[in-house]
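Peer 1: One structure is given below, represented as structure tokens, and several questions about it will come after.
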């Protein structure tokens, strides 16, 4: 009995090590906050541990884990109660110290991606951050490959337009 549990733990450890960094990057791009991204990945792994027997093929683990993470992210909106702040108590600094240009451009890129409608943002992130192919994205989102290609094209066009409007030029097909 102990060896069966040990094998389960080893299997889970292999999956967590193989996919943890990708899941964290994807979660960070989805939510934009490090603490929430870590919580999402932790919840994902907790649910994966509980349902590990349902995963028949370890080759499908990445897609399975991404699906769990996406559902966990959606759940954050179901249970989240926004905190209210008295606007009169908020102080806004007179000047903000600008950071390096590169960081500012990266932050602007993140904000522009976050403003994309989810139907365009999600396939783009799955491709660029996780590295999924169009076929894998189609399976993950339960849409056709041609719909994936259309959404990716439109996402890049919308992103390009937004970045040009904000004064950023260059190739957006590169690394995020």
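The values are calculated or read from the model by the stated rules, or taken from the named source; none is laboratory data. Bear in mind the structure is a predicted one, so any value in this text is a computation, not a measurement. No Cβ is skipped: glycine too gets one built from the backbone with ideal geometry, and neighbour counts run over all protein chains shown.
Peer 1: Can you say whether residue 120 is part of a helix (DSSP H, G or I), in the same structural domain as residue 45 (by TED's automatic domain parsing) and either surrounded by 15 or more Cβ atoms within 10 Å (Cβ to Cβ) or modelled with pLDDT of 85 or more (or both), as far as the supplied structure shows? Let's see the steps before the verdict.
Peer 2: Values: part of a helix (DSSP H, G or I): yes; in the same structural domain as residue 45 (by TED's automatic domain parsing): no; either surrounded by 15 or more Cβ atoms within 10 Å (Cβ to Cβ) or modelled with pLDDT of 85 or more (or both): yes.
Against the criterion (part of a helix (DSSP H, G or I), in the same structural domain as residue 45 (by TED's automatic domain parsing) and either surrounded by 15 or more Cβ atoms within 10 Å (Cβ to Cβ) or modelled with pLDDT of 85 or more (or both)), residue 120 does not qualify.
Peer 1: Please verify whether the stretch 146-164 includes one or more residues that are at pLDDT 90 or above, out of contact with any helix residue (DSSP H, G or I) (no Cβ under 7 Å at 6 or more places or on another chain), exposed (fewer than 11 other Cβ atoms within 10 Å of the Cβ) and part of a helix (DSSP H, G or I).
Peer 2: yes
Peer 1: Scan the stretch 71-91 and give yes if some residue there is modelled with pLDDT of 90 or more and over 13 Å from the mean Cα position of the chain (by Cα), otherwise no.
Peer 2: no
Peer 1: So, one more: Output the residues belonging to the stretch 126-145 that are crowded, with 18+ Cβ neighbours inside 10 Å and part of a loop (DSSP other than H, G, I, E, B).
Peer 2: 132
Peer 1: Identify, by number, the condition in (1) within 11 Å of the chain's Cα centre (by Cα); (2) touching a residue at least 60 places away in the same chain (Cβ under 8 Å); (3) within 18 Å of residue 139 (Cβ to Cβ) that residue 62 doesn't meet.
Peer 2: (1) is the only condition that residue 62 fails.
Peer 1: When you go through (1) at pLDDT 90 or above; (2) in contact with a helix residue (DSSP H, G or I) (Cβ under 6 Å, 6 or more places away or on another chain) one by one for residue 142, which number turns out not to apply?
Peer 2: Of everything listed in (1) at pLDDT 90 or above; (2) in contact with a helix residue (DSSP H, G or I) (Cβ under 6 Å, 6 or more places away or on another chain), residue 142 misses just condition (2).
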